[in-house]
1. Pairs, please: C-beta under 9 Å, at least 6 apart or cross-chain, first residue touching a residue at least 24 places away in the same chain (Cβ under 8 Å) and at positive phi and in the stretch 265-284, second assigned to a strand (DSSP E or B) and not aromatic (Phe, Trp, Tyr)?
2. Please state which of the following conditions Leu54 fails to meet, knowing it meets all the rest: (1) of a type outside the set (D, E, K, R); (2) buried (at least 20 other Cβ atoms within 10 Å of the Cβ); (3) within 21 Å of the chain's Cα centre (by Cα).
3. Quick one: which of Asp149, Asp179 is touching a Leu at 6+ places or on another chain (Cβ under 7 Å), among the acidic types (Asp, Glu) and at pLDDT 95 or above?
4. For the stretch 137-161, what are the residues that are assigned to a strand (DSSP E or B), of a type in the set (Val, Ile, Thr) and in contact with a helix residue (DSSP H, G or I) (Cβ under 7 Å, 6 or more places away or on another chain)?
5. Considering the stretch 238-284 alone, what residues qualify as being acidic (Asp, Glu) and not in a strand (DSSP E or B)?
6. Out of Val234, Val228, I need the residue that is touching a residue at least 12 places away in the same chain (Cβ under 8 Å) and among the hydrophobic types (A, V, I, L, M, F, W, C). Which one?
7. Give Asp141, Asp159 a once-over and let me know the one that is in contact (Cβ under 8 Å) with a residue 60 or more places away in the chain, within 26 Å of Val65 (Cα to Cα) and charged (D, E, K, R).
8. Any chance the stretch 86-95 includes a residue that's closer than 24 Å to Val221 by Cβ, in contact with a Pro (Cβ under 7 Å, 6 or more places away or on another chain) and surrounded by fewer than 19 Cβ atoms within 10 Å (Cβ to Cβ)?
Amino acid sequence: MKFFAYMDGKAQGLAVETPDGFRGLNAKADRFPGRLEKLIAQGGDALAEAGKVLAKGREIDPAQVKFLPPIRKAGKFIAVGLNYRAHTAEGPYEQPDYPTLFARFASSFVGHGQPILRPKASVQLDYEGELVAVIGKRAKDVSVDQALDHVIGYSIFNDASVRDYQRRTPQWTPGKNFDGTGGFGPWFVSADALPPGCKGLTLETRLNGQSVQKAPIDDMVFPVADLVSIISAVMTLEPGDVIITGTPSGVGHARKPQLWMKDGDTCEVEISGIGILSNPIKDA
């Protein structure tokens with residue numbers, strides 16, 4: 001199933017893909033099943049049952065509503081750095097033997113079609129196309145073999161990074177959390193509609209129509225199952241938690257000359273089988 005969260009006037013809504021296009025309900029409707037976070041937390045067949053209810057709702061034209069990030073309230077948004085060897089090398093960094101983890105906060109998220117903001121503090125706004133995995137079942141100390149049983153779905157992220165601020169401290173948090181710099185969406189696709197761990201899919205980032213990143217998801221140093229297993233050994237992953245799994249090579253800071261996103265640009269991240277996340281770039 002493919003869902004998207006939207007704003008229609010002053011009401012939030014949720015839509016599901018049907019053979020006849022998208023149908024959905026907003027929060028003011030009597031039968032509204034709730035936001036994705038609520039449905040995921042309920043577990044069991046809640047997501048599937050919600051899909052059936054939404055499919056009987058009104059037609060939703062994605063072009064006529066404002067997209068929201070699929071997940072906006074979660075206990076943890078965990079991002080992964082240096083998870084593609086070619087990207088690590090262009091850093092240049094040594095490839096770590098343990099995932100490089102940092103936090104992204106929801107205050108930095110924007111939905112599909114909404115502007116990613118280049119902050120007043122810097123011109124070094126870089127693109128990073130990434131796969132998102134969403135936890136659907138509580139995970140603590142899970143094995144790699146069992147890890148994907150705890151993933152309920154996938155989405156797309158543009159981990160737009162303010163590079164000079166990222167490098168001001170040993171931890172990357174400042175440069176990864178400027179307001180309005182994390183494109184997220186457009187769709188939440190349930191795991192049963194995709195290959196396990198999104199194996200075999202391809203990620204591509206385009207800036208103003210030019211391909212700047214392209215790599216198979218299989219190139220991850222730590223695939224989705226490994227990330228869930230490793231992270232769950234440290235902290236309990238709860239339903240709705242988000243893992244942003246890392247970006248391939250081709251980022252702007254590694255190019256000569258360096259390539260920064262600027263006002264008027266458009267950045268697209270496409271993952272085969274999931275969709276295209278597109279965001280214009282605007283000066284804050």
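1. From the stretch 265-284, the pairs are Gly273/Val189; Gly273/Thr202; Gly275/Lys2; Gly275/Ser155; Gly275/Ile156; Gly275/Val189.
2. For Leu54, the failing item is (3).
3. It is Asp179.
4. Filtering the stretch 137-161 down to residues assigned to a strand (DSSP E or B) leaves 139, 151-159, 161.
Remaining after also requiring of a type in the set (Val, Ile, Thr): 151-152, 156.
Answer for the stretch 137-161, where residues must be assigned to a strand (DSSP E or B), of a type in the set (Val, Ile, Thr) and in contact with a helix residue (DSSP H, G or I) (Cβ under 7 Å, 6 or more places away or on another chain): Val151, Ile152.
5. Selection gives Glu238, Asp241, Asp263, Asp265.
6. Every option except Val228 fails the conditions.
7. Criteria check complete, one pass: Asp159.
8. Looking for residues that are closer than 24 Å to Val221 by Cβ, in contact with a Pro (Cβ under 7 Å, 6 or more places away or on another chain) and surrounded by fewer than 19 Cβ atoms within 10 Å (Cβ to Cβ), one finds at least one in the stretch 86-95, hence yes.
The values are calculated or read from the model by the stated rules, or taken from the named source; none is laboratory data. Note that the structure is a prediction, hence the values are computed from the model and not measured. Ideal geometry is used to build each Cβ from the backbone, glycine not excepted, and the neighbour counts take in all protein chains shown.
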